[in-house]
Every structure is written in C-alpha cells, then in structure tokens.
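Working notes for the structure below.
The values are calculated or read from the model by the stated rules, or taken from the named source; none is laboratory data. If you're wondering where the values come from, they're calculated on a predicted model, not measured in any experiment. Ideal geometry is used to build each Cβ from the backbone, glycine not excepted, and the neighbour counts take in all protein chains shown.
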Amino acid sequence: MSVFNEYARYYDLLYRDKDYAGETEYVHGLIQAHFPGAQSVLNLGCGSGRHDREMVKKGYKLTGVDLSEEMLASARSAAQPVSSLAYVQGDVRTVRLANTFDVVISLFHVVSYQATNQDLLAAFATARRHLNPGGIFIFDCWYGPGVLTDRPTIRVKELEDDDISVTRIAQPVMHPNENVVDVNYRMFLRGKSSGNVREICETHRMRYLFLPEIRQLLSLSGFELEASEEWLTAAPLSFTSWSAVIVCKGGV
C-alpha cells in the first residue's frame, strides 16, 4: 500500500466529507455486541488516524499500524497529546508487535488492498497473532456481488481548502479472472497562491471478495466467522451491497 505515500498530504482533504464519527459509532456497536468490555484495539492500516481519534473518545486504547510514514506523521501530529494512542510503522501482512489486543480492526477497505490469497492470509495471520483469547477481528471489504452488479465507473472528485484545490479522476479497469479492479487515479493539485499545477498518477489494485471465500480464508487463518452484513446499514449482504463488514473470532 505504498501508493499512499505520494498523496498522504492530501488524504484528509480528499476524505473530509467521510463520516468518521458515524463509522466509529457503528464499529463501537459491533464491538459491544460481540465483545462487550473490550478495551484495547489494534488498527491495521490506520492511515491518518481519524478513526483512532474517534475510538479513543469511546474509551478504547488504540495502537495504529500503517505502511506509510507520511500517514503516520499526520496521525501522530493530530493525536498529541493523547496518551492512549500509539503508532507503529509496518506492513499489515508482516508486522509483529509485542502486545496483544481485545479487538483488531481494519477499515476503509484495507483488506481489499490485499489483492492475492497469499496477501489476505498474511494479513489475517497478523490479526490472529495479535488477538487476546476471545478477541474479535472486524474488517470491511469490497463485496463481490455488489461490485459485479453495480460495476465501477469513472468518477471525478473536486475539493479545496485555503491553500490548494484537488481534482481527482478515478478510472477503473476490471480483471474478472482475478477478482480485482485497478483504480487508476489522476490527481491535479493546484496551489492557490502560486497557481502551479502538479499531476500525480497512481494505481490502486482492489480485491472484491465473496462470502464463501472469506469464510474459507478465515478458517485457514484460525478464525470463526461470527457475523457479516452491509457496512453501516447492517442490512443482509445482497447484490446491492458494495461494502461488507465481517466480524470473526479467533478459535480456541
């Protein structure tokens, strides 16, 4: 996920309309339903830490892991002087910490960035390795039936703040035999004071997943699937579900 290094500075601007507080409330509800009393949380792929800061408000102690040092620098800066937040640079597939946690979360489709079965199994092994007995793992991902029903299309997003304006064009290319979508991003960044324009091009490869393969990969990783539903709505997964949330528990 090193693709994020190039535009980490603009990440929060691009997603300033994302309802992190509402999403955190939803995840908090899942935690209370499946592991009431949980206190410690590991966030795999924490980005700039906005979910973490909301989780701390709920009383959790958070450790965030991300591959991008730029993202972590933003997270650490915004977290100060919060003492119940810690950050570690690492790959979600290989990082190993000394601590274990009541809950492991991986949000905003971090799991879908694991484009191969090997990557998925490695990320799941990381989650399993860091769970306390009885702990739960919560993640969201692109859901195959929804993606294939309402296929990705070209999208344009425009945002600005006092210093810069950003235009992002997302052009998807589907690979049906690999269950992945290459999202080709072109971003145009214009400095308002200078008028200078910079172009950034990146490709984000995203894996869409189906419930039977999720269940099998989790089983191979030592997890039992506890619940699955549509992200945020809690509706049963269906052909209209683009994003799924999965709750699983480590086997004894």
Task: Hits in segment 118-137 - residues which are in a helix (DSSP H, G or I) and among the polar types (S, T, N, Q) - done: Q118, T126
Open item on the list: Looking for something within 29 Å of Y26 (Cα to Cα), aliphatic (A, V, I, L, M) and outside the structural domain of C46 (by TED's automatic domain parsing) - is there at least one such residue anywhere in segment 158-170?
Closed with: yes
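Give me a count of the residues in segment 28-52 that are under 19 Å from F108 (Cα atoms), over 15 Å from the mean Cα position of the chain (by Cα) and not β-branched (V, I, T).
Residues of segment 28-52 that are under 19 Å from F108 (Cα atoms), as a first pass: 28-31, 41-52.
Filter once more, keeping what is over 15 Å from the mean Cα position of the chain (by Cα): 28-31.
Next, only the ones that are not β-branched (V, I, T) stay: 28-30.
The qualifying residues number 3.
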TODO: Please name all residue pairs, on different chains or six or more residues apart, with Cβ atoms under 7 Å, provided the first residue is in segment 9-25 and is more than 18 Å from E69 (Cα to Cα) and the second residue is at pLDDT 90 or above and of a type in the set (D, E).
DONE: Y20/E54; A21/E54; T24/E54
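Would you call M206 touching a residue at least 12 places away in the same chain (Cβ under 8 Å), under 20 Å from A127 (Cβ atoms) and not hydroxyl-bearing (S, T, Y)? Walk me through it before giving the result.
Working: touching a residue at least 12 places away in the same chain (Cβ under 8 Å): yes; under 20 Å from A127 (Cβ atoms): yes; not hydroxyl-bearing (S, T, Y): yes.
In short, yes.
With the condition kept exactly as written, say whether any residue in segment 244-252 is closer than 23 Å to I136 by Cα and out of contact with any helix residue (DSSP H, G or I) (no Cβ under 9 Å at 6 or more places or on another chain).
Here is the first cut: in segment 244-252, the ones closer than 23 Å to I136 by Cα are 244-252.
Those left that are additionally out of contact with any helix residue (DSSP H, G or I) (no Cβ under 9 Å at 6 or more places or on another chain): 252.
Checked segment 244-252: at least one residue is closer than 23 Å to I136 by Cα and out of contact with any helix residue (DSSP H, G or I) (no Cβ under 9 Å at 6 or more places or on another chain).
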Open item on the list: Take the residues in segment 154-187 that are of a type in the set (S, T, Y) and over 21 Å from the mean Cα position of the chain (by Cα); name whichever of them is farthest from S241 (Cα to Cα).
Closed with: S165
Task: Per-region count, segment 149-163, residues surrounded by 11 or more Cβ atoms within 10 Å (Cβ to Cβ), part of a strand (DSSP E or B) and not charged (D, E, K, R) - done: 1
Open item on the list: For segment 96-115, give me each residue that is surrounded by fewer than 18 Cβ atoms within 10 Å (Cβ to Cβ) and more than 24 Å from H34 (Cβ to Cβ).
Closed with: R96, A98
